[in-house]
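Reading through the structure tokens given below for one structure.
The values are calculated or read from the model by the stated rules, or taken from the named source; none is laboratory data. None of these values were measured; they are calculated from a predicted model. Virtual Cβ from ideal backbone geometry, glycine too; neighbours counted across all protein chains shown. Ligands, DNA and RNA are excluded from the accessible area calculation, which covers all protein heavy atoms including side chains. Shrake-Rupley method; radii C 1.70, N 1.55, O 1.52, S 1.80 Å.
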Amino acid sequence: MMINRLLWGVSIALTACGQQPSTEPSIAGAYEECKAMALQVLKAPATAEFASIDDIEAVSLDLTEPDGPTKKEFKILGYVDAQNSFGAKLRNQFSCNITGWSGNVWVIDSFKILD
């Protein structure tokens, strides 16, 4: 219930400022989705500190067909510093392949923590 109120409040605030949240797939959106996936596999997700968007490697490929919705594929290489099961903070590099469509629709095609 609180999340719904928070999202509704953010939506109202953006609308009031004359800005609409982007619904087109972007590197920033892809990175946020990949970070959410990383949090699911970490031993201590509350300790996660992700690389800034300026410190990642990202490649995008536009697969939009004529008269179709925007479709883009992204490959994201990033890292997250987080505690392991012994409490030591380690850097975990990850690779994430993700596809995004207009309307903020995302599918993670592959996600891997690299050695």
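Considering (1) over 28 Å from residue 90 (Cα atoms); (2) without any contact (Cβ under 8 Å) to a residue 12 or more places away in the chain; (3) not polar (S, T, N, Q), the lone condition that residue 46 does not fulfil carries the number (1).
With respect to residue 13, is the statement that it is modelled with pLDDT under 95 and either part of a helix (DSSP H, G or I) or open to solvent by less than 70 Å² (accessible area, probe 1.4 Å) (or both) true? Yes: the conditions hold for residue 13.
All conditions but one from (1) open to solvent by 50 Å² or more (accessible area, probe 1.4 Å); (2) closer than 22 Å to residue 29 by Cβ apply to residue 70; the one that does not is (1). Output the residue which, of all residues in region 25-43 that are in contact (Cβ under 8 Å) with a residue 40 or more places away in the chain and open to solvent by 50 Å² or more (accessible area, probe 1.4 Å), is nearest to residue 110 (Cα to Cα). Within region 25-43, the match that is nearest to residue 110 (Cα to Cα) is 37.
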